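These notes concern the structure reproduced below.
The values are calculated or read from the model by the stated rules, or taken from the named source; none is laboratory data. Model, not experiment: these values are computed from the prediction. Backbone-built Cβ (ideal geometry, glycine too); neighbour counts: all protein chains shown. Heads up: the accessible areas ignore ligands, DNA and RNA and are worked out on the full protein's heavy atoms, side chains in. Shrake-Rupley method; radii C 1.70, N 1.55, O 1.52, S 1.80 Å.
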Amino acid sequence: MKKSLSSFPLLLCVLLGSYMARAESLPLAEVLQQAAQGNAQAQSQLAAQYHAGEVVEQDDGKAFEWASKAAAQGNADAQYLLGSLYADGLGVQKDAARAVELIRKAAVQGNADAQFSLAEAYREGRGVAQSDVQAVAWYRKAAEQGHGIAQDALGVMYANGAGVAQSDTQAVAWYRKAAEQGVAYSQANLGDMYANGRGVVQSDAQALVWYRKAAAQGNAAGEFAVGRMYDKGREVKQSDTQAVAWYRKAAEQGLVDAQTNLGLMYEQGRGVAQSDTQAVVWFRKAAEQGFAEAQTNLGLMYEQGRGVEQSDTQAVALYRKAGEQDNAQAQFNMGVMYKQGRGVVQSDAQAVVWFRKAAEQGFAGAQTNLGLMYEQGWGLPKSMDQAVQLYRLAAAQGSEDALRNLGSCYKRGSGVKRNLIAAYALYKVAAVKGQKEAAVNRDELVGKLSAAQLQAGQTLAQRLFVSANIIEKLDLYLRSGKL
């Protein structure tokens, strides 16, 4: 789900629009005359015109001057505009606390734009103590007045369970209200809810309808989502070419997900001529915005010397940035770099630290490697119990390396009761998945099994291979005593 990106000044265009509608019936000369005579509405209108450079030359200093006069008379629109000028330091020294004070005055009078901006201040902790509960309260006030962007923001809060009990149903309801008003972000968000079956019956058809509406407005999230539908062939005929076209639209707007996916399309040569150089270009754009997945991908390009000069140091720097954002692949890669001493001083202890971070997120490769560290006593005390536990976790996800290692534990009776039939079955499944050493281990074990044991091992292997959870099926057979 997207996070609301707005800030105080975002709604000035909405505010100005209401002023301009009123201004159409009043010539500038009359507005100036009434403002000079102390008419608060005219002063407020004139302030907005100076801020926007509409009818008059843009001048935030004069906007501040006239907004101050109108705000002093209690004009809510002027209070909101004046608060926004303080928030951004336009025509006056920046002052977040003063901005909130003025915007609150306008919000209390029922100004929906101000209510939305006050909610944003609470959500971000600008000029006030951060409070999602208060943010929700003010988003709701604006949303109930039909403020589309506030409706979208309230939907986000419900979707994330921030400041309010999590509710996909409520998120959908608010997204729909905003989407039907043409708010592009909400159209994309509503598409996500349909795509993932959250708060509504899952429907790729409905998802695509809303994604296309958002994309038609040039919304990057909508464009990216349409590209993803073409990429995966969901509700449309799969097309790498179309996926690339839509990813590019969103990527050129700076959307990190789209930049990363476009990089992958170039790296894989899907829908475009294969180009490591272009892959690096797009990975870098997203990485420089702090996107962990792109940092990881760019790190791999440096590690392999693809599209850039090979550099383990650069790879480690990027992996570290992504790993510190809890990207499991990057954490795993950091573990490998420390274990091999590439781009860093070799350290089994640090390898363990990074493998553990990824393993705790369920990353099978890290679980397998951490298991091996326990088995060998590298960087921590040796423990076959811990090793087996980790191999089991990874094997349950289908990791061929973990299956092979667990098979060796059963072969030797290390951390588990020795069982050659279980060892054979695990080796065979791992070998079928492409683990070459497991194939050798399997063939070596054949000579140590009786014909009956070999048949039992082959039968067990077949059942494990088709099982949704290999470890659960293995445990079931071990408990049955049939082996």
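Semi-axes, largest first, in whole Å: what does sqrt of 5 times each Cα gyration tensor eigenvalue give for segment 302-341?
In descending order, the three semi-axes are 17, 12, 7 Å.
Find how much the distance from Leu476 to Lys448 grows on full extension, using 0.36 nm per residue of separation minus their present alpha carbon separation; answer in nm with one decimal.
Using 0.36 nm per residue and subtracting the Cα-Cα distance, I get 7.7 nm.
Give, as a single signed number, the net charge of other residues whose beta carbon lies under 11 Å from the beta carbon of Asp276, with Lys and Arg counted +1 and Asp and Glu -1.
0
Using per-residue counts of other Cβ atoms within 10 Å, averaged over each peptide, order 33-42, 117-126 from highest down.
Values: 33-42: 16.1, 117-126: 23.9.
Peptide ranking by packing, descending: 117-126, 33-42.
Spelling out what I want: for every residue of segment 75-82, take phi, set θ = phi - 60°, compute 6.51 cos²θ - 1.76 cosθ + 1.60 (Karplus), and round to whole Hz; glycine and proline get x.
5, 5, 4, 5, 4, 5, 4, 5
Please give the direction-averaged projected area of the C-alpha convex hull for the chain, in square nanometres with one decimal.
So the Cα hull casts an average projection of 29.1 nm².
If you average the sequence gap of Cα pairs under 8 Å that are 6 or more apart and divide by the length of the chain, what percent do you get for the contact order?
Answer for the chain is 5 percent.
Assign one of three labels to segment 418-483, namely rounded, prolate or oblate, based on the Cα gyration tensor with a ≥ b ≥ c the square roots of its eigenvalues; rounded applies when a/c is under 1.5, prolate when it is not and a/b is larger than b/c, and oblate otherwise.
Note, shape of segment 418-483 comes out oblate.
Straight-line reach from Lys411: which aspartates and glutamates fall under 17 Å, measuring Cα to Cα and dropping same-chain residues less than 8 apart?
Glu375, Asp385, Glu400, Asp401, Glu437, Asp443, Glu444, Asp475
With angles folded into 0 to 90 degrees, how steeply does helix 148-160 sit against the dominant principal axis of the chain? Use alpha carbons for both and round to 10.
Computed tilt is about 30 degrees.
Efficiency by 1/(1 + (r/R0)^6): what FRET value for Gln340 and Lys237, r their Cβ-Cβ distance, R0 = 51 Å, to the nearest 0.05?
FRET efficiency, Gln340 to Lys237: 0.70.
With N residues in segment 357-483, what two-decimal value do you get for its Cα radius of gyration over 2.2 N^0.38 Å? Each step should come with its number before you reach the end.
Numbers: Rg = 13.7 Å, N = 127, 2.2 N^0.38 = 13.9 Å.
That works out to 0.99 for segment 357-483.
May I ask you to evaluate 6.51 cos²θ - 1.76 cosθ + 1.60, the Karplus curve with θ = phi - 60°, for each residue of segment 396-405 and list the ³J(HN,Hα) values in order in whole Hz, giving x for glycine and proline?
These are the phi-based 3J(HN,Hα) values: 4, 8, x, 5, 5, 5, 5, 4, 5, 5 Hz.
Write down the accessible area per residue of segment 287-395 in Å², having rolled a 1.4 Å probe over the full set of protein chains.
Accessible surface, normalised per residue, equals 44 Å².
Over segment 199-282, give the accessible area per residue in Å² for a 1.4 Å probe, as an integer.
Value returned for segment 199-282: 44 Å² of accessible area per residue.
Taking amide H positions as placed in the peptide plane 1.01 Å from N, state which residues far from Ser383 in sequence (5 or more) or on other chains have amide H under 5 Å from it.
Residues meeting the criterion, in which the H sits 1.01 Å from N, are Glu375, Gly377.
With an 8 Å cut-off on Cα pairs and a minimum separation of 6 or more residues, tell me the relative contact order of segment 77-142 in percent.
In percent, rounded to a whole number, it is 25.
Taking θ = phi - 60°, what integer Hz values does the Karplus form 6.51 cos²θ - 1.76 cosθ + 1.60 yield along segment 268-281, in sequence order, with x for Gly and Pro?
Computed from phi, the couplings for segment 268-281 are 9, x, 9, x, 8, 5, 4, 8, 5, 4, 5, 4, 4, 4 Hz.
So if the hydrodynamic radius of segment 285-418 is defined as the Kirkwood radius over C-alpha pairs, what does Stokes-Einstein give as its diffusion coefficient at 25 °C and 0.890 mPa s, in µm² per second? Walk me through the numbers on the way to the answer.
Working: Rh = 15.1 Å.
Stokes-Einstein gives a translational diffusion coefficient of 162 µm²/s.
Report, in listed order, any pair from Lys69/Lys94; Lys141/Lys321; Lys249/Lys433 with a Cα-Cα distance greater than 28 Å.
Beyond 28 Å between Cα atoms: Lys141/Lys321; Lys249/Lys433.
Given axes a ≥ b ≥ c from the Cα gyration tensor, I'd like to know whether segment 275-322 is rounded (a/c under 1.5), prolate (a/b larger than b/c) or oblate.
oblate
Determine the relative contact order of segment 118-210: mean sequence separation of Cα pairs under 8 Å and six or more apart, normalised by residue count, in whole percent. Mind dumping the intermediate values first?
Working: 153 pairs, mean separation 16.2, N = 93.
Averaging sequence separation for qualifying contacts and normalising by length gives 17 percent for segment 118-210.
Please go through the residue pairs Lys232/Lys357; Lys417/Lys448; Lys357/Lys382; Lys382/Lys436 and name each one whose alpha carbons sit more than 21 Å apart in this structure.
The answer is Lys232/Lys357; Lys382/Lys436.
I need the shape label for segment 381-429. Rule: rounded when a/c is under 1.5, else prolate if a/b > b/c, else oblate, with a, b, c from the alpha carbon gyration tensor.
Values: a/c = 2.33, a/b = 1.11, b/c = 2.09.
Oblate, since a/c reaches 1.5 and b/c is not below a/b.
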